[in-house]
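Reading through the structure tokens given below for one structure.
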Ligand SMILES: Nc1nc2c(ncn2[C@@H]2O[C@H](COP(=O)(O)OP(=O)(O)OP(=O)(O)O)[C@@H](O)[C@H]2O)c(=O)[nH]1
Ligand SMILES: [Mg+2]
């Protein structure tokens, strides 16, 4: 599934990032890469933006970016 | 004395600037969001016979040039001259921070690592074995806290020590598959006796393999390039095949991340997984999908209410003080022109500006709280969806908010935006966010034309509608000039932090001092200037003619005639002539010539608008009545519709000259300045025209 579809408070494992090189770099810089766990913490109205926790940091993303991140729900 | 130059490097918001302030007593800007420092800054300290220059650089997540501020850092690291890198890390987020550290190690420079925010790490139960980390990295590591000032002296000693000692070889290596390729290039360079000053061959080789633009540019200019190129292509090809990945940068980054992960596993002991953190709890309310925007609006509204209610108390005193000063001066000075200069020129001009100091302080309190608590990034998050509809990036919020203080740092803050187009677009609409210097105009007019109870709401409405106009302007520009795709929005959200009272106080204090200084120098001169050109040349004939008239007039008419005389006199001064000349431009907006002059003089600095109004309405005001505060004079002499049009015009028109100069520099082209002048002026005029005539139609 895609990160944009995950419900709040669910924990996921990042499987694949389907973004262009620039965005991929940016995501990695903030700790968002393959094999990393993340939790979706908050979403804005209409799910336009989400806030996830990644490692010990928190990162905000737009849905259009979250759509480019493939994840798998974990316990 | 020996000199040591230290490059202060680290990811954003790890406390670099704070650290430098703590060790050197500097007052660099500190704030709790990524991208506070956007330009190199320097501080110096003396220790053990060394003069240590520390260069604070913009925070950077990695050395891939991304946004304009991060480019500053990379450029300095690659091309600048420095003796040692002080790499600052956030101990509570070690893994991600170590990715940058391993990238810095590639540069093959002397380095010291500061594990900052140790106080928070202790609170969160994170224990880092810094000895082991030093072993792993091959550079000295030390736990510090810029807040609690722990270990700072030891850290400085460590820097001196590391510079004195011969440089140690780095301990961070890539896998053999990469190192072999690096070695191929290094041995080739060695065989040609090639060596770039300030760069080891190893770091050049890695840069080439990562296809790093800066390194390519440097090598491109060297004679060796022609010979190196075939070898490089061959090596790259091998690398890509071996890793089944054509993105060299990613190959390297993967390995660095793996190294960082491994290092963390080894050095972090006893990491109690924190349950829901305080930040998460606060955020569940502050950026709640339903409450987020209302909370933000409420806080803003509260701030403007405060500006009025709380600000009014000291304002009354300041007003009384200057009235007293004016009256006393008026009594003691017998020379008529001198009296007029002091009372109508200096006291009226400077006094009017100083009157608004309390409002300015409250405004900056609000901005300081926003910047230091961590709420800034939240608002960017909450507003992004909305901003996006207008073609703006959520991150634009940061420079825009800075713009409520002053446009100059706001233009600089726009550097954190990655895309050049977003950056320019944001810069074009920063002017719509009314800067602190315009606040006096609004406070004056809101106070003059609205009841005290609603004045705060009016102020809030002015700011919100200014921001709204800015958004609409952004949309228009996006559809016409700055067309293009959306930029991604990925932003770190810092932890909420309690701001130190000292820091907040310092911000307000330094802004107040700046304001006072401006009032004492620039506004002072401007007031004298305006007074002079509005009092001279003296026109004896008019004066004589009216004096006769007044003497023969009925008692009841005396006031009216005397007012008429003042008006006539003023119209025949230099300023009067100039005002008349520009009046046609502003007449359709309902401005009298004094308002027209005030808008123009406001180009020098926005505070000059009120000082000019102060001088002009003081000289030309009607015979002294009981209450002659500027506010009351204005509400008597300016029609409501004109006043609103004036506010609208001031809200939108060009930022002051100093800000425009910075705009030109940051935008990187004079043509943008021409666009800005035309764009803001035409918009301001049109909107003021609409406002004026709609109000007239409505019967005001
Ligand atoms: N608790 C704690 N907070 C700190 C410490 N150092 C810095 N901070 C806070 O962390 C935030 C960021 O500090 P800055 O010094 O602005 O960070 P920076 O690294 O210069 O950030 P950029 O300029 O954006 O790259 C501020 O709110 C500081 O008050 C520390 O040692 N402990
Ligand atoms: Mg900084």
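Couple of notes before you dig in:
- Built from the Cα atoms of segment B:94-187, the convex hull projects on average onto 7.1 nm², one quarter of its surface area.
- Estimated translational diffusion coefficient (Stokes-Einstein, Kirkwood radius over Cα pairs, 37 °C, 0.692 mPa s) of segment B:464-567: 154 µm² per second.
- Anisotropy class of segment B:2-164 from Cα gyration tensor, a/c 1.5 cut: rounded
- One way to sum up the overall shape of segment A:3-74 is the equivalent ellipsoid from its Cα gyration tensor, whose semi-axes run 16, 14, 11 Å, largest first.
- Chain B: angle of helix B:439-449 to the longest principal axis, Cα-based, in degrees nearest 10: 40 degrees
- Restricting the calculation to Cα atoms, chain B shows an Rg/Rh of 1.07 when the hydrodynamic-style radius is the Kirkwood one.
- For segment B:176-244, Kirkwood radius (reciprocal of mean inverse C-alpha pair distance, Å): 12.0 Å
- Average projection, convex hull of the Cα set of segment B:474-530: 8.7 square nanometres.
- Label-to-label distance, nm, for residues given as residue B:566 and residue B:543 (7 Å Cα→Cβ offset): 1.6 nm
- Degrees separating the helix B:357-373 axis from the principal Cα axis of chain B, which is the longest one: 20 degrees
- Rounded to 5, percent antiparallel among DSSP beta bridges of segment B:2-164: 25 percent
- Dimensions of segment B:629-669 along the principal axes, based on C-alpha atoms and rounded to the nearest Å, stand at 46, 20, 9, largest first.
- Taking the square roots of five times each eigenvalue of the Cα gyration tensor of segment B:106-249, the equivalent ellipsoid has semi-axes of 37, 19, 13 Å, listed largest first.
- Helix B:657-667 and the longest principal axis of the Cα set of chain B meet at an angle near 30°.
- Computed log₁₀ I(q)/I(0) - Debye formula, equal Cα scatterers, no solvent, the protein assembly as shown, q 0.05, 0.08 Å⁻¹: -0.33, -0.75
- Note on B:375-384: average number of Cβ atoms from other chains within 10 Å of each residue's Cβ is 3.
- Cα centroids of segment B:546-609 and segment B:367-409: 42 Å apart.
- Helix-derived mean residue ellipticity, 222 nm - over chain B, DSSP H n ≥ 4, -39500 (n - 2.57), to 500: -20500 deg cm²/dmol
No value in this document is a laboratory result; all are computed from the given coordinates. Note that the structure is a prediction, hence the values are computed from the model and not measured. We place every Cβ from the backbone using ideal geometry, glycine too, and count neighbours over all the protein chains shown.
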